[in-house]
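Read the structure below first, then the notes.
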Amino acid sequence: MLLFLKSSSRTVHHYPDQESRIEVNKYKHSDDIDDNDPAGCCTSLTVWRKSLLFGCNGFTVIGSDGSLVYRVDNYSDNPNQMVLMDGSGNPVFTICRRKQKLRLIDVNWLVYNGEVGKYCDTSARKPIFCVKKNVHILKTKQSAIAYVYNDGNSSAKGCAYMIEGSYKHRSCKILDESRQVVAEIKRKEASTGGVSFGLEVFVLVVNAAFDPGFAMSIVLLLDQMFQ
């Protein structure tokens, strides 16, 4: 299968699936540039909701220079666990689903550094974050759709980050405690002609002070929560 991310200046990279080829802009696309970031301090990533390995589900994340930055190759055999890898296949974060006892709806996701092993055997590891879906969303534009807590503790009084907007429409923001935007998910438009790539290809813009790997792990969680 071929996917072409077209632009006026192009570079072609070959990836694990020999039938897959991605044609990307060597420089930042016009729709990847944040108007509030004239100095270019943000990291802009193109996210493709597809694995490059044949027969796998997952994600492929491309940098503005055309390099393979992150990947998720397969989590279909264990939907309660995902491993975000860098472009070389090294584990960056492991995301595990934890359902609260005696609760049918309240579902938390735990984020761990590196890899924790199959079936989320995390007894000897401490999560660095817990992400909780907001199941009491009011129908307003400012409602948080999910909360991020430090140290895997969703019972803490205050969250470290909140996510607002709509992942389904690929339009949401990650905000810190002071409500500063640290990362944003946006629809991706072609640099010419205004052609839309649909929902399978979108842009993740990350502030320089925020970890792009962690921002991408939040994207994976939102995809599980709202897809």
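A short reminder: the numbers here are calculations on the coordinates, not readings from a lab. Keep in mind the model is a prediction, meaning the values are calculated, not measured. Using ideal geometry, Cβ is built from the backbone for each residue, glycine included, and neighbour counts are taken over all protein chains shown.
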With label points built 7 Å along Cα→Cβ from the Cα atoms of residue 227 and residue 67, find their separation and express it in nm. 2.6
Ranked by how many other beta carbons lie within 10 Å on average, peptides 167-178, 214-225 from highest: 214-225, 167-178
